[in-house]
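See below for the structure under consideration.
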């Protein structure tokens, strides 16, 4: 039998809440924190002192004082250059890595194009480890890496980060997390998440969906991915595979999908379909730039490009209408290449919405484009990496600050 | 009657979606928030000599929303906007601001109400910097001198708040900017000056894709910050991508004021080209 939470548990919870507030909403004075967290000022003082001692935050005079009378109050700032996480984004066409400071500041980043073709785990992991080594080497000597997160375009098992299936990149049952953690040699586990799920998280916490508890993020890369924020939390389902919006069937018996089914949203709206409708030869250049080129051509009046966007936008509208009826979201966010596709076919998308959704479900839904652009998934990976330190700041810092540990990844 | 629970735009016997007075007559069961429009103009008549351009035109705009004003060339969109901005006097018509009747008899009246019109030529000074343009006529001072650092910081903040990333330094002279960047500066200026209603007249016409997309997103963000935005556009994708409401003008009359979520592309095109809509979808 266990009674209420212990003193220690309450303190841990409060430390995490305060650090999360500073991490997500930026520097704040103790008075603002006290009001925001509903705690009295002396408790806030003690919590800030603990976090300062651990090197997670510091207090200083505000930079923008204005011209008000009196002594300005100190603001609590995250130690962004001292405490950081490593974030990786594996895309079909690019690999990206960043050193992200507490507070969500990108301190340094590396990026490389990835040629399409067979997926070679060794090659991808090798490239990511190479990025990481350069990022960590540039970090200050006394700075500390508190977590590693990676976004991957596939279904990811929540319990162990196993990538089960990534049809667009050609992967089945890939043990990415343990391999990456071993090769990095930082003594830290690697958290892996589905790219669109992490994009949803990032747009919800730092992008256009801040303050919006029910949000659906749709991500366009080669295929279509999705992430659902329901009641302020990412919907994972039983094993973490939820949100595979790209494999919702919108056109029974329609185009063949890489997943084996027919008429999935992915197959009707994905990049190869748009390019084919626009009359581009199968061996033409693909990728984000090719999608933008179609939207651009449509904007300039090209008939084939307009027709392609019409058809694709109509199927996208079918998908969005189903989502609105099922989830009654407050906001739908179009990210990746879907931003361009939505802006170029909004008339079709919203016409479907007007006809195929229940009036009560659609009257408040906002359709928006992503704020974080192509980096939504990378930011999401960083949030995943920070999750542990935000849950128990002092324990994690004490463990990581053990002297004598090599801060650099071991050479391989 | 509508038994499916699905609100279909209901047309009156003349085939019009709503009344000219600006109040929807469709007997749809949808719930509307009990809010007064921020700006409500009704019964606007305007003639140029023997040509009557506006016949009892109406337009309601709400805070936090983008209202698209659509219509064919010569439907009276620009004339209505010029009346609203006090540039042209109305022959008849009422203007309500927050529910109170007001008079707009000159641009100064409109400016005092917080109505900012961003024209297609957006009245920027080429020889001044981005920041100087944004504070033109309202320069901030520190003692006797201009507080340039403060103005530059605020200008940069306004651009960042609207996710306008392509302008570069706020010290750049406006003359060196491309059309889309100039449009963005004009929009950010409206936000900085505490405007309440911002009218964008064909903002994406003649812009390249990247700039047009950015201008649309900035218009959306302006509304999401609580301003009322009026977007005049011919492009149906522009209208549907950001608008909450659509007001259609046909031969000088307002033939529909509807929520964008209640109409289809085809219906809006019909309203523009024929002033009426077939009730079945």
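A compact table of results
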item: Any hit, segment A:398-407, residues being free of Cβ contacts under 8 Å to residues at least 60 places away in the same chain, within 13 Å of another protein chain (Cβ to nearest Cβ) and either in contact with a helix residue (DSSP H, G or I) (Cβ under 8 Å, 6 or more places away or on another chain) or closer than 28 Å to residue A:18 by Cβ (or both); result: no
item: Exclusive hit being touching a residue at least 40 places away in the same chain (Cβ under 8 Å), under 30 Å from residue A:194 (Cβ atoms) and either out of contact with any helix residue (DSSP H, G or I) (no Cβ under 7 Å at 6 or more places or on another chain) or surrounded by 12 or more Cβ atoms within 10 Å (Cβ to Cβ) (or both), set A:24, A:33, A:51, A:74; result: A:24
item: Residue list for segment A:111-125, filter: surrounded by 19 or more Cβ atoms within 10 Å (Cβ to Cβ) and closer than 19 Å to residue A:374 by Cα; result: none
item: Condition met for residue B:36 (away from chain A (no Cβ under 14 Å), farther than 21 Å from residue B:263 by Cβ and at pLDDT below 95); result: yes
item: Condition check for residue B:70: within 14 Å of another protein chain (Cβ to nearest Cβ) and at pLDDT 95 or above; result: yes
item: Scope segment B:132-151; condition part of a helix (DSSP H, G or I) and exposed (fewer than 14 other Cβ atoms within 10 Å of the Cβ); matching residues; result: B:149
item: Any helices (runs of 4 or more DSSP H) falling wholly within segment A:270-356 and containing at least 1 residues that are within 11 Å of chain B (Cβ to nearest Cβ) and farther than 19 Å from residue A:248 by Cβ; result: A:288-299, A:303-327, A:337-356
item: Any hit, segment A:360-367, residues being surrounded by fewer than 24 Cβ atoms within 10 Å (Cβ to Cβ), more than 10 Å from every other protein chain (Cβ to nearest Cβ), touching a residue at least 12 places away in the same chain (Cβ under 8 Å) and out of contact with any helix residue (DSSP H, G or I) (no Cβ under 6 Å at 6 or more places or on another chain); result: no
item: Segment B:264-281: number of residues that are more than 13 Å from every other protein chain (Cβ to nearest Cβ) and under 27 Å from residue B:213 (Cβ atoms); result: 2
item: Residue check for residue B:26: within 14 Å of chain A (Cβ to nearest Cβ), within 25 Å of the chain's Cα centre (by Cα), at pLDDT below 95 and buried (at least 19 other Cβ atoms within 10 Å of the Cβ); result: yes
item: Residue in segment A:135-149 that is under 19 Å from residue A:246 (Cβ atoms) and touching a residue at least 12 places away in the same chain (Cβ under 8 Å) present; result: no
item: Unmet criterion (only one of (1) within 28 Å of residue B:41 (Cα to Cα); (2) within 14 Å of another protein chain (Cβ to nearest Cβ)) for residue B:141; result: (1)
item: Residue within segment A:348-361 that is under 21 Å from the mean Cα position of the chain (by Cα), at pLDDT 95 or above and closer than 30 Å to residue B:210 by Cβ present; result: no
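The values are calculated or read from the model by the stated rules, or taken from the named source; none is laboratory data. These figures come from a predicted structure and were not determined experimentally. Because the Cβ atoms are built from the backbone with ideal geometry, glycine has one as well, and the counts that use them run over all protein chains shown.
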